[in-house]
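Take a look at the structure set out below.
Every number in this text was worked out from the coordinates using simple rules, so none of it is lab data. This is a predicted model, so every value here is computed, not measured. Ideal geometry is used to build each Cβ from the backbone, glycine not excepted, and the neighbour counts take in all protein chains shown.
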Amino acid sequence: MCCSTPQEQVKRVEHVILLNESGAAIGVADKQTVHTDSTPLHLAFSCYIFDSAGRFLVSQRALSKKTWPGIWTNSVCGHPAQGEPIADAVRRRASFELGLTLDEVRLVLPAFRYRAELDGVVENEMCPVFYATVTAEPAPNPDEVEAVRWMPWDTFRAEARDDAYSPWCQLQIAELSALGETPARWQAGDPAQLPPAARTAAR
């Protein structure tokens, strides 16, 4: 089973997987305390969710978030649990944050990495990027998501240049744009390019 109750998820996502510079796991850290002014490199993911009409789901991070509160960004982000295939983590967080059951989940940027800082808090992640589709409407979890909206992909790409959007999202858009103008036609990324700690996603 890829999805779980909120109570079970609290148990499963208490930590993040720490990485060395080669992307291999070197331990875990408490998710609640890992993000500081010197956040260690760790494993994450981002996902871009589209509906049957090709609209993209944009989300605003909850105002209570420690990192980038109130910032607009891609549909869902998160951290895989130890031993959890990363594609399963994408599905789990989409369910938990947005109340969505994903249909297709496709790896598109296996090697994306970034570091960003806001108000003294650093994000430092190897962060594979996924494309996904849904046929339902989101039901956001207010502890995670302040608001959502659907928009055409081209409109989003133009709007996301603004500082109201997360820096990782802006960087990802540049790489996603190189895959083509139509998200549904983005080719799958090579799982061999995933960080070693994330390669169970290909199984």
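Put one equal scatterer on each alpha carbon of the range 47-188, apply the Debye formula with no solvent term, and list log10 I(q)/I(0) at q = 0.11, 0.15 1/Å to two decimals. Log10 I(q)/I(0), no solvent term: -0.36, -0.71. In the range 35-108, Cα pairs under 8 Å separated by at least six residues give a relative contact order of 25 percent.
Sites listed here are GluC sites (Glu not before Pro) in the range 41-139 whose DSSP assignment is loop and whose Cβ has at most 14 other Cβ atoms within 10 Å: 104. The residue among 114, 76, 183 whose Cα reaches farthest toward the positive pole of the charge dipole of the range 69-184, with charges on the beta-carbon of Lys, Arg, Asp and Glu, is 183. If R0 is 41 Å, the Cβ-Cβ spacing of residue 22 and residue 182 corresponds to a FRET efficiency of close to 0.75. Once you reduce the range 176-199 and the range 32-87 to the center of their Cα atoms, the two points are 17 Å from each other. The relative contact order of the range 57-183, computed from alpha carbon pairs under 8 Å that lie at least 6 residues apart in sequence, is 30 percent.
Note on the chain: helix-only mean residue ellipticity at 222 nm, from DSSP H runs of 4+ residues weighted -39500 (n - 2.57) and normalised by residue number, equals -5500 deg cm²/dmol. The magnitude of the dipole of the range 1-149, with charges of +1 and -1 set on the Cβ of Lys/Arg and Asp/Glu and taken from the Cα centre, is near 140 debye. In the range 30-100, Rg over Rh equals 0.98, where Rg is the alpha-carbon radius of gyration and Rh the Kirkwood radius from pairwise Cα distances. Summing Cβ point charges (Lys, Arg +1; Asp, Glu -1) relative to the Cα centre of the range 37-117 gives a dipole of roughly 160 debye. Rounded to the nearest Hz, the phi-derived 3J(HN,Hα) couplings of the range 138-147 under the Karplus curve 6.51 cos²θ - 1.76 cosθ + 1.60 (θ = phi - 60°) are x, 10, x, 7, x, 6, 10, 10, 7, 6, where x marks glycine and proline. For the range 121-162, applying the loop criterion from DSSP together with a ceiling of 11 other beta carbons within 10 Å to the trypsin sites (Lys or Arg not before Pro) yields 161.
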